[in-house]
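Here's the structure we're looking at; comments come further down.
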Amino acid sequence: MLEIFLKKKYFYPNQYKKTIYDIDFNYLKKIGIEYILLDLDNTLVSYEETLPTEKLKNLIKKIKDLNLQVLIISNNREPRVKSFSKTINCDYIYSAKKPLKSGFRRALKKLDNPIPKSVCLIGDQFMTDVFGGKKMCFYVIVVNAIKRRTEKWYTKINRRMERKVLERLKKTDIDFYNKLHLEEKR
Ligand SMILES: [Mg+2]
């Protein structure tokens, strides 16, 4: 089981950025991405925030103006995900159970089943977002978590596993690890 988890290729994000505001969405468009799946907690806002910031609203508008379709995919419960997604006019999947495939499949269905290559997943966790997204063959971008302190207990468990995976990655593929330029201590 652990070996499956540690299969390196599933933990190779395509890009690492400090925040979602550092992502070049024009570039994503250029390489054929048409759909953007966004993790919510600690990717768009911290766990404590219930509303999007103005900066985030502007970014979402910019992404939509590029004709990229946006969908929020979160492991959090419906009330949180629903009310947040509504404020930025996005479709959403709640209780996604990332990294399992079922939530991603629900998302793809909502988007009329696009080819995985045209989908970019953006999230802050290796264990749920990167691992899940790569298993689906999506293009995956990992960002720093907005605020670690308020993470839930189950996220803390994921972080512990994440650290192990990254330590292993560092040992077995130092070039790739360095290429990630991870500035955040995970
Ligand atoms: Mg998250």
- [ ] Tell me, rounded to the nearest percent, the portion of alpha carbon pairs in the chain spaced more than 24 Å apart.
- [x] 33 percent
Task: Charge dipole magnitude, Cβ of K and R +1, D and E -1 - the chain, Cα centre, debye nearest 20 - done: 500 debye
Open item on the list: What distance in nm lies between label points placed 7 Å from Cα along the C-beta direction at K29 and F176?
Closed with: 3.1 nm
Open item on the list: As a quick test, which of the pairs K29/K152; K101/K179; K64/K117; K30/K57; K9/K55; K57/K179 have an alpha carbon distance above 25 angstrom in this structure?
Closed with: K29/K152; K101/K179; K9/K55; K57/K179
- [ ] Starting from the Cα-Cα distance between R168 and R106, subtract it from 0.36 nm times their residue separation and give me the gain in nm to one decimal.
- [x] 19.1 nm
- [ ] Using Cα pairs closer than 8 Å and at least 6 residues apart in sequence, work out the relative contact order for the chain, in percent.
- [x] 27 percent
Task: For the range 1-84: rounded, prolate or oblate by the Cα gyration tensor [a/c cutoff 1.5] - done: oblate
Open item on the list: If the elastic network links every pair of Cα atoms under 10 Å, which of Y47, Y16, Y154 fluctuates the most in the Gaussian network model of the chain?
Closed with: Y154
Open item on the list: Per-residue counts of other Cβ atoms within 10 Å, averaged by peptide: what ranking do you get for 96-105, 31-40, highest first?
Closed with: 31-40, 96-105
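FYI, it's all coordinate maths here, none of it is from the lab. Remember, it's a predicted structure, so these values are computed and weren't measured experimentally. As a convention, Cβ positions derive from the backbone with ideal geometry for all residues, glycine included, and neighbour counts pool all protein chains shown.
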